[in-house]
């Protein structure tokens, strides 16, 4: 039997669950907690009432025990791997916290409450969800037994602070040469993609670059989950949404791109893509709006074309057609990585072109490589990059 120490009293898990269900049916107050304790024969001291009241609130309101972690300005991700210690990422990889979830039932209730906050259901029939919470936090949850060792919850915490290129230079995400290049990419209105793995800073770099767009230009951002917060006076954001609990009300990226084109964008931006919506990204960037951009998961800048072709394949578009659309839309790829010490940085810049040979497929050619020490190595695409930047000025 699991025993919960609360103040001067011990509760078994079943007893506490019953008490919580009783008091959570209405606003949770210390008075209602004290009354429930008396009915159940527990001691009613100030310590016990305070401890039970605090725990019931944690387990019934908002993000519960995860709220202090989300409120930490250094935290970018909160990770729950079933019952036990909760981990966070503060830029140095996952690290343990003092927050402990006691059992699978508690984790499952928390996941279901977070799903409900985002307007979704989470149960054995709908065993996963990906929602945005009211505070902007992105929540992904998978119920056990599909997830092991228990229900898994991942929170991506938005940081509403905007960064400048100078800020990223001070944190060494951008070397001096890299800072100059990203400024010139924006000023030249090149079409670009920011690639990288999960948590490498793709969204941070893209938002920072959009903050460099002249104030007179209108930016329209289309995202699956709203994350981009550029420091710019004229930004309009459109966010996709899934079906509601009745199975209706879905709004997909394809529809939003069509709407964005009618909103007089100077720069059209499509946030992170993970599937066939990559075609919407390419379509958006091929509409005559220079300076379009987006983000994409990839292992290296040179692998972006293979990634795009793989994502587009289920839609029935062949490599040649994908290559033609990509070359017409994208000039430059900026690839970000995360070093072993947790530092995020711009590591590669590549330009797109056609390979020599009969098929002439599209390739990303390395132009600049930025080392962890700030050094720069020019690649075969360096001259092409210089010509692109000079040609659009």
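The numbers here are math on the coordinates, done by the rules we state, and not lab data. Values in this document were obtained by computation on a predicted structure and should not be read as measured data. Please note: Cβ atoms are built from the backbone with ideal geometry, for glycine as well, and neighbour counts cover all protein chains shown.
Quick notes on this one:
- Full extension of the chain between residue 44 and residue 372 yields a length gain of 112.1 nm, computed as 0.36 nm times the residue separation minus the alpha carbon distance.
- Sequence-distant contacts, meaning Cα pairs under 8 Å at least 6 residues apart, place the relative contact order of the chain at 11 percent.
- For residue 320 and residue 234, the difference between the fully extended length at 0.36 nm per residue and the C-alpha to C-alpha distance is 27.3 nm.
- Going from the fewest other Cβ atoms within 10 Å to the most, the residues 370, 192 appear in the order 370, 192.
- Cα long-axis angle, helix 176-187 against the chain (0 to 90 degrees, to the nearest 10): 80
- Residue 361/residue 299 FRET efficiency (R0 22 Å; Cβ-Cβ; nearest 0.05): 0.75
- With respect to the chain, whose longest principal axis is taken over its alpha-carbon atoms, helix 382-391 is tilted by about 80°.
- At an R0 of 41 angstrom, the distance between the Cβ atoms of residue 287 and residue 167 translates into a FRET efficiency of 0.85.
- Set of segment 103-142 residues, backbone N closer than 19 Å to the point 7 Å along the Cα-Cβ line of residue 71: 114, 133-138
- Dimensions of the chain based on its C-alpha atoms, expressed as ranges along the principal axes with the largest first, amount to 82, 47, 40 Å.
- Length released on extending from residue 343 to residue 259, taking residue separation times 0.36 nm less the Cα-Cα span: 26.5 nm
- By the helix-only formula, in which each DSSP H run with n ≥ 4 contributes -39500 (n - 2.57) and the sum is divided by residues, the chain has a 222 nm mean residue ellipticity of -9500 deg cm²/dmol.
- Gyration tensor (alpha-carbon) shape descriptor, segment 285-329, a/c threshold 1.5: oblate
- Cβ-derived FRET efficiency at R0 22 Å, residue 387 paired with residue 218, nearest 0.05: 0.20
- Antiparallel content of DSSP bridges confined to the chain, in %, to 5: 65
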